[in-house]
Amino acid sequence: MGLLAVTIAVTLGAAITQLSSLNSGLDSSAAAAVYSQQQEIDEIFVERPEYLTYFEEGTPPPSSGDEASRVRAISYRLLDHFEHVRYQIDAGLFEETETTWNEYFGSSFEDSPALCAALVEAIKEYDGTGGDTLWAEHAKEPCGAYGIHAD
């Protein structure tokens, strides 16, 4: 009986260690994916700094043409990135930097009517103005300052 108990305890200990190691590896992979996305977004602005005006200076997005399409595509890329980061935060990743991420999301909407317009366009297609959404938590107030409203 004593040997069985020791064997069970050792097996449980090994399983817990492996599970902890697996979770740590998953967290590391998720963090690497988020940082890779962030670098890809940064690269857009390194290669095309003229687009920064739509995302950092409050310049309204163009209404038509190739530039309008590019600004909309960049906006959607940012929104996808934000949702990915929010998902990872909800899953327990980035607890120590959650406040910084939330400030980044909020300031991004404050600085970009293009981002606000893209979010409203996405909301009209997919809904998403409820409590735990980008709109409710980060965009409603700053986008309203541009006269952009989803509801």
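The values are calculated or read from the model by the stated rules, or taken from the named source; none is laboratory data. Being a predicted model, the structure only gives us computed values, none of them experimental. All Cβ positions, glycine included, derive from the backbone under ideal geometry; neighbour counts span all protein chains shown. These area figures cover heavy atoms from the full protein model, side chains too; ligands, DNA and RNA do not enter into them. Shrake-Rupley method; radii C 1.70, N 1.55, O 1.52, S 1.80 Å.
List of remarks:
- Output for segment 59-78, where each listed residue is within 16 Å of Ile41 (Cα to Cα) and surrounded by fewer than 19 Cβ atoms within 10 Å (Cβ to Cβ): Arg70, Arg72, Ala73, Tyr76, Arg77
- Evaluation of Ala150 against (1) over 17 Å from the mean Cα position of the chain (by Cα); (2) open to solvent by less than 40 Å² (accessible area, probe 1.4 Å); (3) at pLDDT 90 or above (one fails), failing number: (3)
- From the options Ala68, Ala30, Ala122, residue that is of a type in the set (A, V, I, L, M), modelled with pLDDT of 95 or more and out of contact with any strand residue (DSSP E or B) (no Cβ under 8 Å at 6 or more places or on another chain): Ala68
- Set side by side, the residues Gly128, Gly92 differ, and just one is within 27 Å of Ala31 (Cα to Cα), touching a Phe, Trp or Tyr at 6+ places or on another chain (Cβ under 8 Å) and assigned to a loop (DSSP other than H, G, I, E, B), which is Gly128.
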